[in-house]
Amino acid sequence: MSATRLGVDAGGSGTKWVLARGGVAVARGVTPPLTSLLLLTPEGAAHLDALVRAVGERPQAVHLGLPGLSRSSARAAEVAGQVALAFGLPPEAVQVEGDLDLAYRAHFRPGEGVLVYAGTGSIAYHVTAGGEVVRAGGRGYRLGDDGGGFSLGRAALRVLTDALDVGGPPDTPLAREVAALTGGLDWDTLRGFAYGTPGAAAIASLAPAVGRAADQGDPQALVLVRDAAESLADLARRVQVHTGPLPVTASGGAFRISPLLGQELTAHLSGVQVVPGDHALAAALGS
C-alpha cells in the first residue's frame, strides 16, 4: 500500500494541510492557526486536535512547517513529540522545521536565491550554502510585517476609520468590500472586529477585500497594494545587501489577494518571480 504523508504549513492566520498518498495529493484543508508558542496553551492543543480531526486518518509520516522554530532547536523536538502523540505516531515519523525553512526549500537550494514571503506577515529570507540564515523583516505584526496580509487589513481600517472623522466612509469598492466582512463601517462595529479577536487573523482576513477593491480600480486600495509591494521589495533589497544580486522569488498567501500585488512588486524589483506556491503540498511530497 502506498505511503501516506501529511504536509502542514502553519501560518499566522490558518494552518494549511495536504494529505498525499503515493506522491499524489488526496485531501487538503485549512484549520485554525498554530505557532510554536500557541502549542504551549490549551487553545493550541485544541487547534492541534482540530487538525487531527480534519485530516480524518492517521498518516504514516507528518512534515510540519511551524512559525518560530528552527529544525535544530529543543522546542522543535518538543513540538514533534506533541504532534506525534496527537496523531498516534512514533516521534521519528514526525519532522518539524520552521515554516520559512520549508518555504525556502520549496523554491531554492541553499545559497541559490532570496525568498520574499508574504502571508499574514512578511519577510525576506536566504539560506546560505553553509546553512546560515540571512533575513530582513519577519518581526511580527506588532513590530512590522509591512506588505503582508495584516498590514493590508490594518491599512484599510485606517482609511475607513479616518473617514469616520470627516463625515463617514465613502461609498467606494474598498468600503463595500470591507463592510461585507466586518458587518458594517460604524465605529462600534469596526472596533469590535479589530479588537474582539486576539492575534492577527481577523485583521489579516481583510487583505482579500483590499485586493478585490484594487481589482475594481478603487484609488485608495490601489495605493495600499502599491505601498505593500514597495515594502516587500525593500525587504529583498536589505537581504541582497548581504548576499549580492541573487534571484528573488516571491511567495505566500498575500499574493493570492490580487494579481496586482505581484505586478506592482515586479515594477519595484526587476527580475522577481512571483510564485504563490503550495508549501503544505511540498511538505507532503517531501520537497
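Restricting the first member to region 3-28 and to residues that are free of Cβ contacts under 8 Å to residues at least 60 places away in the same chain, and the second to residues that are assigned to a strand (DSSP E or B) and of a type outside the set (Val, Ile, Thr), the beta-carbon pairs closer than 6 Å and six or more apart or on different chains are 4/21; 26/19; 27/19.
Quickly run through region 192-204 and pick out the residues that are under 17 Å from residue 35 (Cβ atoms) and among the small types (Gly, Ala, Ser).
Going through region 192-204, the residues under 17 Å from residue 35 (Cβ atoms) turn out to be 197-204.
Of everything in region 192-204, those that are under 17 Å from residue 35 (Cβ atoms) and among the small types (Gly, Ala, Ser) turn out to be 199, 200, 201, 202, 204.
Check region 168-176 and report whether any residue there is touching a Pro at 6+ places or on another chain (Cβ under 6 Å), modelled with pLDDT of 95 or more, in the same structural domain as residue 260 (by TED's automatic domain parsing) and more than 30 Å from residue 69 (Cβ to Cβ). Checked against the condition, which is being touching a Pro at 6+ places or on another chain (Cβ under 6 Å), modelled with pLDDT of 95 or more, in the same structural domain as residue 260 (by TED's automatic domain parsing) and more than 30 Å from residue 69 (Cβ to Cβ), region 168-176 yields at least one hit. Residue 112: surrounded by fewer than 19 Cβ atoms within 10 Å (Cβ to Cβ), touching a residue at least 12 places away in the same chain (Cβ under 8 Å), in contact with a Ser or Thr (Cβ under 9 Å, 6 or more places away or on another chain) and of a type in the set (Asp, Glu), yes or no? No; evaluated as a whole, the condition is false for this residue.
When residues of region 236-267 are filtered for being of a type in the set (A, V, I, L, M) and free of Cβ contacts under 8 Å to residues at least 24 places away in the same chain, how many remain? Working first, answer last.
So in region 236-267, the residues of a type in the set (A, V, I, L, M) come out as 236, 239, 241, 246, 248, 250, 254, 257, 260-261, 265, 267.
Checking the rest, the ones that are also free of Cβ contacts under 8 Å to residues at least 24 places away in the same chain come to 241.
Selection size over region 236-267: 1.
Here the condition is being out of contact with any His (no Cβ under 6 Å at 6 or more places or on another chain), of a type in the set (A, V, I, L, M) and more than 21 Å from residue 276 (Cα to Cα); of 129, 118, it holds for 129 alone. Annotation note: of 77, 61, 93, the sole residue that is farther than 16 Å from residue 5 by Cβ and either surrounded by 13 or more Cβ atoms within 10 Å (Cβ to Cβ) or basic (Lys, Arg) (or both) is 77. For region 222-251, the tally of residues that are within 16 Å of residue 150 (Cα to Cα) and either in contact with a Ser or Thr (Cβ under 8 Å, 6 or more places away or on another chain) or not assigned by TED's automatic domain parsing to the domain that holds residue 153 (or both) stands at 4.
Taking the conditions (1) out of contact with any His (no Cβ under 6 Å at 6 or more places or on another chain); (2) assigned by TED's automatic domain parsing to the domain that holds residue 258 in turn, residue 77 satisfies each one other than (2). Set side by side, the residues 267, 228 differ, and just one is among the small types (Gly, Ala, Ser) and either within 22 Å of residue 12 (Cβ to Cβ) or surrounded by 23 or more Cβ atoms within 10 Å (Cβ to Cβ) (or both), which is 228.
In the condition set (1) without any contact (Cβ under 8 Å) to a residue 40 or more places away in the chain; (2) in the same structural domain as residue 152 (by TED's automatic domain parsing), residue 95 is compliant with all but (2).
Of everything listed in (1) more than 30 Å from residue 241 (Cα to Cα); (2) among the basic types (Lys, Arg); (3) within 23 Å of the chain's Cα centre (by Cα), the single unmet condition for residue 176 is (3). Of the residues that make up region 201-217, is at least one surrounded by 19 or more Cβ atoms within 10 Å (Cβ to Cβ), over 17 Å from the mean Cα position of the chain (by Cα), closer than 26 Å to residue 167 by Cβ and not charged (D, E, K, R)? Scanning region 201-217, I find at least one residue that is surrounded by 19 or more Cβ atoms within 10 Å (Cβ to Cβ), over 17 Å from the mean Cα position of the chain (by Cα), closer than 26 Å to residue 167 by Cβ and not charged (D, E, K, R), so the answer is yes.
Just to be sure, is residue 93 modelled with pLDDT of 90 or more and closer than 20 Å to residue 12 by Cβ? Steps first, please.
Working: modelled with pLDDT of 90 or more: yes; closer than 20 Å to residue 12 by Cβ: no.
No; evaluated as a whole, the condition is false for this residue.
If the requirement is being closer than 20 Å to residue 251 by Cβ and surrounded by 15 or more Cβ atoms within 10 Å (Cβ to Cβ), which of these qualifies: 30, 52? Steps first, please.
Values: 52 fails: closer than 20 Å to residue 251 by Cβ.
Answer to the check: 30.
Has region 130-151 got any residue that is part of a loop (DSSP other than H, G, I, E, B), among the basic types (Lys, Arg), surrounded by fewer than 20 Cβ atoms within 10 Å (Cβ to Cβ) and free of Cβ contacts under 8 Å to residues at least 24 places away in the same chain? The answer is yes; a qualifying residue exists.
The values are calculated or read from the model by the stated rules, or taken from the named source; none is laboratory data. Bear in mind the structure is a predicted one, so any value in this text is a computation, not a measurement. FYI the Cβ positions are ideal-geometry reconstructions off the backbone, even for glycines, and counts take in every protein chain you see.
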